[in-house]
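In what follows, a structure is listed as structure tokens, so that the remarks can point back to it.
Derivation of every value follows stated rules applied to the coordinates shown; laboratory data play no part. Only a predicted model underlies this, so the values are computations on that prediction, with no experimental measurement involved. Note that each Cβ is placed from the backbone with ideal geometry, even for glycine, and that neighbours are counted across all protein chains shown.
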Amino acid sequence: MFMSCPCGPFFRFEKVFDQSTKQDEIFDNVAKPVADNVLQGYNGTIFAYGQTGSGKTFTITGGAERYVDRGIIPRTLSYLFEQFEKDGDRTYTLHISYLEIYNENGYDLLDPKHEAAKLEDLPKVSLMEDSDQNIHLKNLSVHQAASEEEALNLLFLGDTNRMIAETPMNQASTRSHCVFTIHMTSRGTGSATIRRSKLHLVDLAGSERVSKTGATGVLLTEAKYINLSLHCLEQVIIALSEKNRQHIPYRNSMMTSVLRDSLGGNCMTTMIATCSVEKRNVDESISTCRFAQRVAMIKNEVMVNEELDPKLMIQKLKREIQQLKEELAMTTGEQRTDDLSDEDLDKEAVAAYIADSDPEAILSIGADMRKIQACFAILKKHILEKPPSSHRETPRRSPVQEYSAPPPDTSPYSNTENNRLKELVQQRDNEISIFDFSFS
Ligand SMILES: Nc1ncnc2c1ncn2[C@@H]1O[C@H](COP(=O)(O)OP(=O)(O)OP(=O)(O)O)[C@@H](O)[C@H]1O
């Protein structure tokens, strides 16, 4: 679709919606494809950008008066729960967080103790970066919603907490950025793999230039912060749309830090540019279109976010070990415990082997990982206890004289098969230790 004015620049967009467009059409065209991808395990972001009063909040949250005016957030929640019901093969869990960024400070809109309180009373959210440069939001609460109703109640709580201030431009203007995030996890029945995806639904503050708002005092400060953060957003967008650009200035504002993944990361991002059709706002509308055009040039690479559930993995490995032990007992004809008793290993034969200076001496202990490990332990202890200078030469003895040959293999399986099974048991044991260690 194209958008142009007779005398001005020419823009090309994926789709253009006019004033008569209804909310269900916006949802079907814009939000539903993103929600479908989130259900598949991809991250998604939808953000609305445009000047004050152009319809960002109406598009993202909706109008409060009529049910048909519900915006993208309530419709997406409703759609997701509908899909959870339909999909009998997977179990879904949904959590919600709601962040407001006002004058470069983050606030948790879902703190139940502070309903309708002053914004400054809400818990302050700060940014933390881990060693892998992932951004974490400290103090932002995340709430589970088990049904559409619970999710809508959270949205309502957050919206009640949103800061509303009056400016000459608009009587109910949002002077902050709001990020409503749906965190979703899902697991296929009996599978140890979990999918985690996130959907950010973002309502940015008005993008108009400070001079146009006629603001002074606190409102001027707000406008400056808004302009600054939108400027930072613009800088990030420009950097991302330039080929071979090394440094992307995400850290310059809280908004770009939070949306780091959505802009140029592992995320399917959709921007809705809201424009006023009034003649006096034409400059702002052109500036919004220019920004949208730049955003459209960014190419993100996305992947499904899948990981192994450590608890289920441990259970699975333990089951596998038990089965392997049973199989091993069948092939060797002996029930083996994890511990090695004194009778199991001929320690004297091991000591004689260590003392034997014949480089070709052989120690036969059978194909038993427990015995092999015990021999290594004895050998190590011996090396650590005896300094090299104290080694004494021992008379050469023939290994044939000293040790009897291993018993013939009478089992229906070969030694190679037994060894393979024992090694598998050992390998699984090691994997469990790693998992136990990681989650202890
Ligand atoms: N498509 C629409 N249909 C009907 N009313 C609309 C539509 N879009 C916006 N409005 C109305 O216009 C007014 C301003 O819209 P809205 O609050 O969504 O603007 P905004 O871009 O979010 O402004 P701000 O930047 O100040 O938050 C509201 O009263 C809203 O109900």
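Worth a mention:
- Each peptide among 48-54, 415-421, 380-386 gets the average number of other Cβ atoms lying within 10 Å of its residues, and from highest to lowest they stand as 48-54, 415-421, 380-386.
- Residues whose placed amide H lies under 5 Å from that of residue 269, excluding near-sequence neighbours: 45
- Karplus-based coupling profile of segment 368-382, in residue order and whole Hz: 9, 4, 5, 5, 4, 5, 4, 5, 4, 4, 4, 4, 4, 4, 4, with θ = phi - 60° in 6.51 cos²θ - 1.76 cosθ + 1.60 and x standing for Gly or Pro.
- In order through segment 229-246: 3J(HN,Hα) via Karplus (6.51 cos²θ - 1.76 cosθ + 1.60), integer Hz, x for Gly, Pro: 5, 6, 5, 4, 4, 4, 4, 5, 4, 4, 4, 5, 7, 8, 5, 6, 6, 7
- Karplus-derived 3J(HN,Hα), 6.51/-1.76/1.60, for each residue of segment 38-49, Hz, glycine and proline x: 5, 5, 7, x, 8, 7, x, 9, 10, 10, 9, 10
- Under 16 Å of direct C-alpha separation, and excluding same-chain neighbours fewer than eight residues apart, residue 124 reaches these lysines: 113, 138.
- The protection proxy used here, the mean number of other Cβ atoms lying within 10 Å of each residue, ranks peptides 305-317, 237-249 as follows, highest first: 305-317, 237-249.
- Reach of residue 381 by Cα under 26 Å, taken over lysines that are not fewer than 8 positions away in the same chain: 347, 371, 422
- For the pair residue 147 and residue 331, the difference between a 0.36 nm per residue extended length and the Cα-Cα distance amounts to 61.0 nm.
- Kirkwood-type radius of segment 2-308, with distances r between different C-alpha atoms, in Å: 20.0 Å
- Burial order of peptide ranges 80-91, 55-66 (average beta-carbon count within 10 Å, highest first): 55-66, 80-91
- For residue 52, nonlocal amide neighbours, meaning residues 5 or more places apart or on other chains whose placed amide H falls under 5 Å from its own, are 207, 208.
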